[in-house]
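Some notes on the structure that comes next.
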Amino acid sequence: MNARKLWAISGRMVAGILVAGIVAVLLVFASAPISKSKVLEAVYLSPKVITNQATEITDSTVTLNGELESLGEGEYVAVYWEWGASEVFDKETSPQVMTSPGTFSFHLSGLKPATEYFFRANAANINRAFGETLTFTTIK
Amino acid sequence: MSIQKKYMISSWKLASSLIAGLLIVFILLSLVPIAESQYGGCTVNPRVETLDATNVSTTTATINGELISRGDVSAVFVSFVWGIGGEGDCCTKTECEKNSCQPGNCTDCQNATETEAMLSAGTFSFDLSGLEPDTTYYFRAKAKGCDSVCGDCLTFTTEAYAGQTRLPVLPVP
């Protein structure tokens, strides 16, 4: 192989490395905006919450039950419910403050009879956590 | 150049470029945690303002605040500190934020209301009762996010009972 050919190949190699590097830089910086919440989740403990079965179901009311297993970071946790007629959860209850692990509940009213509702317990302070999505159906 | 040689050079070029690219990716990825630790963690605090008291009567008042922004956290915990004025000045914002103001060393930290949780920006209030008539009270809103932050120290004066007049304060000899 003569020197000219060797230079040509080296030049193409350098160009290839540069392009790969630029693509890598772009990929890393493009992913940066979503990393803030991931950092918070990695650095701070999240609360742990469980959704329990709904009780006292009538044609228009229900009691939602949950359990805060641990507070995560800090001395306060806001517990609240997401609920709705689909898993999109178009409604949210006012948050209640809890300062130690334990059970909590919320009395919902104004529901439609014979309707299936979806709900899940939420717990938030620095990070937010939620329990499993469960359902209940109001009676006729 | 034979076809065999040409293919060999091409694949070698391709492989070396890929290896170089991967090396760069790994180096940059290893730098990301360093970059994140510089700006990362819970750093953006909530912003809170104390608003004027409303519904002030002889023995009751509503104290108001506004959470302007939540900062980095998912839930902000808001409350008020308040107390009777006349015995000294309000604590500084820094003292309030560091929880170093205690009953006795400033007028606005003699009492604290219950803590409420807020998931988004908005106003919040607390009804005070059992107040002294014709008395000046100091209060300020407080919000706990990454750290505690405090709004300005404001005052309100309860109304006097009909016929009640404020007695002049005589200097102590």
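Each value in this text was obtained by applying a stated rule to the coordinates, not by laboratory testing. No experiment lies behind these values; they were computed from the predicted model shown. Cβ coordinates were reconstructed from backbone atoms using ideal geometry, including for glycine residues, and neighbour counts include every protein chain displayed.
The label-point distance for B:THR136 and B:THR58, in a model that sets each label 7 Å from Cα toward Cβ, rounds to 2.2 nm. In chain A, the longest principal axis of the Cα atoms and the axis of helix A:3-31 are about 20 degrees apart. Summarising the label geometry, the points placed 7 Å from Cα in the beta-carbon direction at A:SER109 and B:ALA15 lie 7.6 nm from one another.
Put simply, when B:104-117, A:115-128, A:72-85 are sorted by average Cβ atoms within 10 angstrom per residue, most first, you get A:115-128, A:72-85, B:104-117.
Taking every residue in A:122-135 and counting other chain Cβ atoms within 10 Å of its Cβ, the average works out to 3. In this structure, A:ILE50 and B:ASN105 have a Cβ-Cβ separation that, at R0 = 45 Å, corresponds to a calculated FRET efficiency of about 0.55.
Quick one: which of A:LYS91/B:LYS142; A:LYS48/A:LYS91; A:LYS36/B:LYS144; A:LYS48/B:LYS93 span more than 26 angstrom between C-alpha atoms? Violating the 26 Å limit, Cα to Cα: A:LYS91/B:LYS142; A:LYS48/B:LYS93.
Here, P(r) means the percent of Cα pairs in each 10 Å bin from 0 to the largest distance; for region A:32-140 it is 15, 43, 28, 11, 3, 0. Working from label points 7 Å from Cα in the Cα-to-Cβ sense, the B:ASP127 to A:GLU87 distance is 4.3 nm. If you wrap region A:65-120 in the convex hull of its Cα atoms and look at it from every side, the mean projected area works out to 4.3 nm².
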